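Quick notes on the structure that follows.
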Amino acid sequence: MSTSTAPTLDAVERTRALLVSVDPGRRRIDRIMTVLVYGAFALAMVPLISLLWTVIDSGRVRFTLEFLTSTMRGIYGGIDAGGVYHAMIGTLVITLLAAVISVPVGLLTAIYLVEYGRGPLARAVTFFVDVMTGIPSIVAGLFAFALFTLILGPTGARTGLVGAVALSVLMIPVVVRSCEEMLKLVPNELREASYALGVPKWLTIVRVVLRTSVAGLTTGVLLAVARVIGETAPLVITAGTTDSYNVNPFDGRMMTLPVYIYSQWRQGVVPCREGQADCLADINELRAWAAALLLILIVMGLNLIGRLVTRWFSPKLR
Amino acid sequence: MTTTDSPPAPAAVRPRQRRSGDTERGFSRVFRWISTGAGALLLGVLAAVALFLIVRAFPAFTAGAEQLHDAGKVPGSFGSLLGYVGPLVFGTLLASVLALVVATPISVGIALFISHYAPRRLASIIGYVVDLLAAIPSVVFGLWGVYVFSGLVGDLWVWFADVLNLILGANVEASPTGRSLATASLVLAVMILPIITAVSREVFLQTPKLHEEAALALGATRWEMIRTAVLPFGRSGVISAAMLGLGRALGETMAVLMILSPGLSYSFQIFDSGRHTTIAANIASRFPEANGLAIDVLIATGLALFVITLAVNMLARWIVARRKEFSGAN
């Protein structure tokens, strides 16, 4: 008996040791995977930080009041002048127009999906809204171009309006998706209370559901605007490029900020003569970076305002 | 208010399932029509995109080889529209698949970091930071790619090609300018990281807590818990996230247009410049100066892109939708 108790005690110890500690191989794999997961995050941060740093560092060189308030009219070669005013106005007009087209359609579709949506049509709409978020931006531009050339003839397709239509194709599904999420958050008790008071359904939706979720809807719309404001490709092929100020979206080409960045980059290095003092060889690159800084500030600002609106104005539902 | 009679008893319990008809009068009915119309309009827009592209591209389908060369501006070496679209589709798929191969493991890593590794308080901030990547306009990515990134990786590609040639005896060519498909794919990978991360993160967070706790109770390490509980649960979610990322990469224009120096060939020399281009970049670079049949040819290539992305996105969404129904989480 006494000979068998010693190994039993030993076995108990060994079992305990086995249970409280992971064996080295498994622990090593666990460590390696932890390092890899942290590494993946660090790796993704490298381009983000590098990009933001470059944009801020190169963009601030020409980011002056004059840059914001002058156009490119009459600017050629390496002249130390020229700005982005016409592109800012163009972006403002085209984006506003796109929002005017897509917000009503998007909001009503979201209302349909949340309040009425049942049956095959609602299922199809839900599915294709998701599919539409994946339409390539350049295809949206081609669609707007094809639509307007078939209606107005070959010359009618280079205006701000065409660009706005292209952007709204990209914007509507984003608006629908975010508004739908917000409308779903409205508690059913509010609707029921309204029905119990004998309020008709449409008035319930307008006065109760929309009123309750207005902060969330604003956020959704702002984020959708932030998404399309940086779109370049559809505007390159629809609104086109111009050097001058144009505020009329129904007539003539319109410059926008992203297209401005692209066209400045495309012009490349200016060939300056030896010792020519008023010629800056890298002026186009510097303008592109400054416009990129402005565009990023606008997009980040819209994102920030969108999040703050939800935080400040959403009703306290306790 | 006699117009809205008090609803019958079952409707009071579930008023949102009340079906149409008798209780809806006056403007309520109009409002239903308006909102239903908006939903139908959305489907109409998608159909119109397809329809107008087909109508505008039709002349390019029927044009002869000579017409395509003269008026359509199709380079001389291609005899037909299909021959021209082929290398474009090849370049598009190659760039996107490379981007996907790079981005998916990193995105899954970030998603796991947010859902299972980072402290709860930090996780939401990190989520915002990753979303910040999605907010940066593609033209800014292009600018950064062409002025900063391609210069950095150009030397790396040359060195890499030398090593491959020396060791494997392969015939890899590399351009020191870095304006090659590999560079463009890496930038595309950065651009599709946020969407893949966001979708996978949502799926990982839905893993049933009981499964995770059961794995840990059986003595699993954190990684073993993830491998046995989280990843099997999230597999289809990650697949569809990757396909959504692929859809983004296929249609991305500006970054590719600015970084890649274009060419039209079926070549796997991804480190060399002037070999490939993508459909979207090709359209954006040629469209502003095109007219007549040349526009129709470009719209025809755009139609090919539309069909490819639509198929990829529909497949991805179908996987997500199917998963929702059978997921054990709810």
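The figures follow:
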{"quantity": "Relative packing of B:147-158, B:252-263, which averages over residues the other C-beta atoms within 10 Å, highest first", "calculated": "B:252-263, B:147-158"}
{"quantity": "For the stretch B:147-275, accessible area per residue (1.4 Å probe, heavy atoms of protein chains only), Å²", "calculated": "43"}
{"quantity": "Net charge, B:W223 excluded, C-beta distance under 12 Å - Lys, Arg +1, Asp, Glu -1", "calculated": "+4"}
{"quantity": "Sequence-distant aspartates and glutamates (8 or more away, or on other chains) whose Cα lies within less than 15 Å of B:K73", "calculated": "B:E289, B:D296"}
{"quantity": "Nearby aspartates and glutamates by direct alpha-carbon distance to B:K209 (threshold 17 angstrom, same-chain neighbours under 8 apart not counted)", "calculated": "B:E224"}
{"quantity": "Cα-derived Rg over Rh, computed across the stretch B:231-330 with Rh taken as Kirkwood radius", "calculated": "1.12"}
{"quantity": "Average beta carbon contacts from partner chains per residue of B:225-234, 10 Å cutoff", "calculated": "1"}
{"quantity": "Alpha carbon centroid spacing (whole Å) that separates the stretch B:236-282 from the stretch B:139-160", "calculated": "15"}
{"quantity": "Mean Kyte hydropathy of 0.5 or more with a Cα span along the axis of at least 30 Å, helices from DSSP in chain A", "calculated": "A:24-59, A:85-111, A:160-184, A:283-313"}
{"quantity": "Long-range tail of P(r) for chain A (Cα pairs > 25 Å, %)", "calculated": "65"}
{"quantity": "Farthest positive-ward along the stretch A:65-313 dipole, Cα basis, beta-carbon charges - from A:G90, A:T310, A:M182", "calculated": "A:M182"}
{"quantity": "Accessible surface buried upon A-B contact (total; probe 1.4 Å; Å², nearest 100)", "calculated": "8000"}
{"quantity": "Relative contact order (percent, whole number), the stretch A:65-313, Cα cutoff 8 Å, 6+ residue spacing", "calculated": "28"}
{"quantity": "Residue-count net charge about A:A87 - beta-carbon cut-off 13 Å; Lys, Arg +1, Asp, Glu -1", "calculated": "+2"}
{"quantity": "Convex hull volume per residue for the stretch A:241-318, taking Cα atoms only, in Å³", "calculated": "138"}
{"quantity": "Given charges at Cβ of Lys, Arg, Asp, Glu: the stretch A:233-290 dipole, positive-most of A:L257, A:P271, A:A288", "calculated": "A:L257"}
{"quantity": "Cα gyration tensor, the stretch A:81-196 - rounded (a/c under 1.5), prolate or oblate", "calculated": "prolate"}
{"quantity": "Proximal charge balance of A:V299 [Cβ under 14 Å; K/R count +1, D/E count -1]", "calculated": "0"}
{"quantity": "Calculated [θ] (222 nm, deg cm²/dmol) that DSSP helices of n ≥ 4 give over chain A, each run adding -39,500 (n - 2.57)", "calculated": "-23000 deg cm²/dmol"}
{"quantity": "Residue-averaged beta-carbon neighbours from other chains (10 angstrom radius) around B:256-269", "calculated": "1"}
{"quantity": "Cα-based shape type of chain B, given that a ≥ b ≥ c are square roots of the gyration tensor eigenvalues and the cut on a/c is 1.5", "calculated": "oblate"}
{"quantity": "Mean Cα-pair separation over length for the stretch A:233-272, i.e. relative contact order, pairs under 8 Å, 6 or more apart, %", "calculated": "36"}
{"quantity": "For the stretch B:248-256, 3J(HN,Hα) per residue [Karplus equation, 6.51 cos²θ - 1.76 cosθ + 1.60, θ = phi - 60°, Hz, x = Gly/Pro]", "calculated": "4, 5, 4, x, 5, 10, 5, 4, 5"}
{"quantity": "For chain A, with +1 on Lys and Arg beta carbons and -1 on Asp and Glu, the positive-most of A:M300, A:A157, A:N246 along the dipole", "calculated": "A:M300"}
{"quantity": "The stretch A:239-318 versus the stretch A:105-142: alpha-carbon centroid distance in Å", "calculated": "30"}
{"quantity": "Dipole in debye (nearest 20) - the stretch A:65-313, about Cα centre, beta carbon charges: Lys, Arg +1; Asp, Glu -1", "calculated": "800"}
{"quantity": "Amide proton proximity set for B:V172, modelled H, under 5 Å, gap of 5+", "calculated": "B:N165"}
{"quantity": "Solitary cysteines of chain A, where the nearest other Cys Cβ is not under 4.7 Å", "calculated": "A:C179"}
{"quantity": "Nearest-20 debye value, the stretch A:8-135 charge dipole, Cβ charges on Lys, Arg, Asp, Glu", "calculated": "260"}
{"quantity": "About the Cα centre, charge dipole magnitude for chain B (Lys/Arg +1, Asp/Glu -1 at Cβ), debye", "calculated": "1380"}
{"quantity": "Straight-distance crosslink candidates among aspartates and glutamates, where the alpha carbon sits under 12 Å from A:K201 and sequence neighbours closer than 8 are dropped", "calculated": "A:E115, A:E192, B:E24"}
{"quantity": "Values of log10 I(q)/I(0), in the order q = 0.06, 0.07, 0.08 Å⁻¹, for the protein assembly as shown under a Debye, Cα-only, solvent-free model", "calculated": "-0.39, -0.53, -0.67"}
{"quantity": "Length-normalised contact order for chain B - Cα pairs under 8 Å, 6+ apart - percent", "calculated": "25"}
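The values are calculated or read from the model by the stated rules, or taken from the named source; none is laboratory data. Because the structure is predicted, anything quoted here is derived from the model rather than measured. For neighbour counting, all protein chains shown are included, and Cβ atoms are generated from backbone atoms with ideal geometry for every residue, glycine included. Ligands, DNA and RNA are excluded from the accessible area calculation, which covers all protein heavy atoms including side chains. Shrake-Rupley method; radii C 1.70, N 1.55, O 1.52, S 1.80 Å.
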